[in-house]
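The structure appears below as structure tokens.
The values are calculated or read from the model by the stated rules, or taken from the named source; none is laboratory data. Here the structure is a predicted model, which is why all the values come from computation and not from measurement. Reconstructed Cβ throughout: ideal geometry from the backbone, glycine too, with neighbour counts over all protein chains shown. Please note that ligands, DNA and RNA were not included when accessible areas were found on the heavy atoms of the full protein model with its side chains. Shrake-Rupley method; radii C 1.70, N 1.55, O 1.52, S 1.80 Å.
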2 protein chains.
Amino acid sequence: MASTINDVAKLAGVSRQTVSRVINEPTLVNSKTLDKVQRAIKILDYHPNITARFLANKRVKTIGLYMPFSADQVRQNLFFSTLSSVVCQFCSQHDYIMQLFTSLTREDSGRLFARLYKERQVGGLILTCPSVSNEELISLLTEKIPFIIVGRPGLQTEQIPYVDVDNVEAGRLATAHLIDYGHRRIGFLNGPADMTLSEDLRQGVTACAAAHSAEQPLILEAETDLTFAAGYVEALRLLTSPKRPTAIFTADDLLAIGVKKSGRRAGLAHPRRPVGPQRRSDRLGPYFPWCADLYRYAVRTAGRYCGRISGTQH
Amino acid sequence: MASTINDVAKLAGVSRQTVSRVINEPTLVNSKTLDKVQRAIKILDYHPNITARFLANKRVKTIGLYMPFSADQVRQNLFFSTLSSVVCQFCSQHDYIMQLFTSLTREDSGRLFARLYKERQVGGLILTCPSVSNEELISLLTEKIPFIIVGRPGLQTEQIPYVDVDNVEAGRLATAHLIDYGHRRIGFLNGPADMTLSEDLRQGVTACAAAHSAEQPLILEAETDLTFAAGYVEALRLLTSPKRPTAIFTADDLLAIGVKKSGRRAGLAHPRRPVGPQRRSDRLGPYFPWCADLYRYAVRTAGRYCGRISGTQH
DNA sequence: CTGAAAGCGCTTACAG
DNA sequence: CTGAAAGCGCTTACAG
């Protein structure tokens, strides 16, 4: 059995409050007492029970990270692993615990969040990939649960803290880039209709097309679930249609890989190098240097952080 | 303030033990009482505090998943996201909490594990990518901390529960495959020397080369840290050396992508299709259909689970 | 079937 | 600077 604060107190010949003080506010303790207690802690290999601390403190140093993806999407998408590894690292540096939640249908997620928080399982939440309808967030707001969104929330953006890149600008830049290079029929593999990401990208694409109305660009948009398979299927559909696009802009790298495969399938040559201005090495990620150049170009350039970050209780 | 078990008891006009029973053993409660209490729970929106439950139960339903990668490796590697998403899903299905730990130097990890467990932060641990020297595991064994390894532990494989694919067989198969196809100088981008994965792969490769000594195959092994960058650098070194290999076998997909890039850099044509027997669609993952075919081939074929899974306390 | 008692391992005021 | 008291929100035996 692991030793408790009482064991330490007994061995050191002090009260358990003093032991607690040694751990939490050592400066308030007489140096001789400090020494005695610390020796006892060493001897007994004492580690304060974090559950008991959380209970006594009435706060948990735990942050939940939620990603509304199916296991399959999570497995595929780099966004997931990047985000979770960074959050995880930051949490452990700051003595927080990170808990991961995935693979839940978005409808239930609101109740899940409330439960997690009310059960005091998490002290706060990081939510990702918000949907257009903010239903699951409403309860978080009304229950005053500390949370932040990675991505633009669908409603009440003034009240809801979030961080995001400027996807409207990303869509605009990518489209302008393709139009500049002479493309007039542009495929656009967007994300799911209910994601704000898709809304923002579309807004940028549409605005750009309108601004270039003289060139009469034709945007061929298709909805996807951001998986490789969807990228393949939708791109193949576009590429084998009468109005075959001459360029495709995708909402995600994974889609771009699907596009590449569909191009092979459709018997089309695929450019080795990005179709665009001179290549800068910092523009491309290490992963798919031969894919998704345009999307990445846009996002990197347009990716200034926006959104509101408010203080939270914890 | 969230309502507690005492609030519910008061409102329902029963003792808090009865409320506790309604939650944990409803069959032991009189149906009228049950009804009263459940109504009170509804009205007060009561959620049992999980921290208090853990403390009273003297067990935490929390599993730690540890991946000894740097943030950069984690971000890149698909193994990470696959494993964590699956573990996460399984945990939530079984009412467990998953906590993620990454980016720590392996030396400190032993102490980390002990601390996590002794602080009762986790009830058990899933460790990945074991190193040859089992130092960090020894303390887990002696402290009787429940844990399991994904990958073959370096020592005391009889005592330590683990699951793994048969990497020795994978190395053997991949090498045999390449020799069968006429290759005599075979590059072998292995993982870090201190990982058992690397040991196992090398054993298979070496054994296979020995078995085919008549053909005099030459194995050109290079150590990598399993990153894209290392794959590129080491492959380029091999490909620009006088004894340039005619085929390369890599320990990981990411290395294979690095190899591909180095091939381009070295001005070598890269086969579109796998060099091997007829392509079966189930043999390839969705990600890099044009890469890493040989490795995947080997692993899929050789990937029968081995290792020992013993029961744990929780 | 239900409640009074004791306890899980810690911390926060409050005296001294 | 230190300790006695009370409490965090729950559960586990034990009576009745």
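The residue that is least open to solvent (accessible area, probe 1.4 Å), among those in the stretch A:181-200 that are touching an Asp or Glu at 6+ places or on another chain (Cβ under 6 Å) and more than 14 Å from A:PHE249 (Cα to Cα), is A:PRO192.
Selection of the stretch B:144-180 for residues being open to solvent by less than 30 Å² (accessible area, probe 1.4 Å), hydrophobic (A, V, I, L, M, F, W, C) and closer than 16 Å to B:ASN134 by Cα yields B:ILE145, B:PHE147, B:ILE149, B:ILE160. For the stretch B:36-49, the count of residues that are within 11 Å of DNA strand D (Cβ to nearest atom), modelled with pLDDT of 85 or more and outside any loop (DSSP other than H, G, I, E, B) is nonzero. Checking each residue in the stretch A:16-26 for being open to solvent by less than 90 Å² (accessible area, probe 1.4 Å) and either near DNA strand D (Cβ under 8 Å from one of its atoms) or in contact (Cβ under 8 Å) with a residue 12 or more places away in the chain (or both) picks out A:THR18, A:VAL19, A:SER20, A:VAL22, A:ILE23. Among the residues here, A:ILE43 does not qualify as more than 12 Å from DNA strand C (Cβ to nearest atom), open to solvent by 30 Å² or more (accessible area, probe 1.4 Å), under 30 Å from A:LEU226 (Cβ atoms) and not polar (S, T, N, Q). When A:VAL29 is tested against the conditions (1) away from DNA strand C (no atom under 11 Å from the Cβ); (2) among the hydrophobic types (A, V, I, L, M, F, W, C); (3) loosely packed, with under 15 Cβ neighbours inside 10 Å, the lone failure is (3). The residue list A:THR224, A:THR206, A:THR246, A:THR240 contains one member that is polar (S, T, N, Q), open to solvent by 60 Å² or more (accessible area, probe 1.4 Å) and in contact with a strand residue (DSSP E or B) (Cβ under 6 Å, 6 or more places away or on another chain), which is A:THR246. If only residues of the stretch B:80-108 that are modelled with pLDDT of 75 or more and more than 7 Å from chain A (Cβ to nearest Cβ) are counted, the one that is nearest to B:ASN24 (Cα to Cα) is B:ASP95.
Test A:ALA9 against the criterion of being open to solvent by less than 40 Å² (accessible area, probe 1.4 Å), more than 8 Å from DNA strand D (Cβ to nearest atom) and not assigned by TED's automatic domain parsing to the domain that holds A:GLN89, and give yes or no. It is false that A:ALA9 is open to solvent by less than 40 Å² (accessible area, probe 1.4 Å), more than 8 Å from DNA strand D (Cβ to nearest atom) and not assigned by TED's automatic domain parsing to the domain that holds A:GLN89.
With the structure loaded, tell me whether B:ILE149 is in contact with a Leu (Cβ under 6 Å, 6 or more places away or on another chain) and at pLDDT 80 or above or whether it fails that test. Answer is yes for this residue.
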